[in-house]
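The structure appears below as structure tokens.
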Amino acid sequence: MTVDTAAAPPRQFDEDLILIDRFLEGERGAFDAIYGKYYDRVYAIAKGILLDSEDAADATQEAFTLMHRNLRRFHRRSRLSTWIFRIAVNTAIQETRRHKNRKKTEAIDQAAEVPAPTIDVPAPDPRVEAAMRNLKPADRAILTLFYWDDATVAEISETLGCSLNATKTRLFRAREHFKAAYSLGETGDE
């Protein structure tokens, strides 16, 4: 008897799918495991978009509430992390709309509570923080995902639910908006 190895490739082990199945079977601790696994990244995304710790914590809780309520509808066409990050981005952007008239003053390097790399990095440039505050939430979202969360363009494309080319265009435009906002800060200091 011969085995056809050219058939479908074996599926890669995915702990998230097991956690989803356990959650759907009624195991309460399964969602707690998902929450623990993704909380820091969801919070970092929210903080990068909202630029405020309290608002980011609120958006993170709202995002996980939405995930808990809708996990039964997750269709497994993408990875769970992609679905979670999409909810995090959308929730944070909605939160910015609720608070759009408030100014944010927290430093961008505080966007994640994850320890910074051990590389000797100079203190954040206040002009970078000011430029980020002056961007639209969608621009902050894509820049946060790309630069602070180290997501690839393909991962951002999945997270935002748009094509690879649209993601590249959005990233390019967000960079241009950042450059313009940053250069305004340079000319304003002199």
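With respect to A59, determine if the residue is among the small types (G, A, S), within 18 Å of the chain's Cα centre (by Cα) and at pLDDT 90 or above.
On the way: among the small types (G, A, S): yes; within 18 Å of the chain's Cα centre (by Cα): yes; at pLDDT 90 or above: yes.
Yes: the conditions hold for A59.
D40 - would you say it is charged (D, E, K, R), surrounded by fewer than 17 Cβ atoms within 10 Å (Cβ to Cβ) and in a helix (DSSP H, G or I)? Write out each step before concluding.
Working: charged (D, E, K, R): yes; surrounded by fewer than 17 Cβ atoms within 10 Å (Cβ to Cβ): yes; in a helix (DSSP H, G or I): yes.
Yes.
Could you tell me how many of the residues in segment 128-142 are of a type outside the set (V, I, T) and under 15 Å from the mean Cα position of the chain (by Cα)? Break it down stepwise before answering.
Initially, segment 128-142 is screened for residues of a type outside the set (V, I, T), giving 129-141.
The next check asks that each one be under 15 Å from the mean Cα position of the chain (by Cα); those that pass are 137-141.
Result for segment 128-142: 5.
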Do you know which of the residues in segment 73-101 that are among the basic types (K, R) and either at pLDDT 85 or above or not in a helix (DSSP H, G or I) (or both) is nearest to W148 (Cα to Cα)?
-> R86
What number of residues within segment 108-154 satisfy the criterion of being exposed (fewer than 15 other Cβ atoms within 10 Å of the Cβ), outside any helix (DSSP H, G or I) and at pLDDT below 85?
-> 14
Going through segment 1-20 in order, the residues found to be more than 24 Å from the chain's Cα centre (by Cα) and either modelled with pLDDT of 90 or more or not in a loop (DSSP other than H, G, I, E, B) (or both) are none
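The values are calculated or read from the model by the stated rules, or taken from the named source; none is laboratory data. Because the structure is a prediction, the values reported are computed rather than measured. Reconstructed Cβ throughout: ideal geometry from the backbone, glycine too, with neighbour counts over all protein chains shown.
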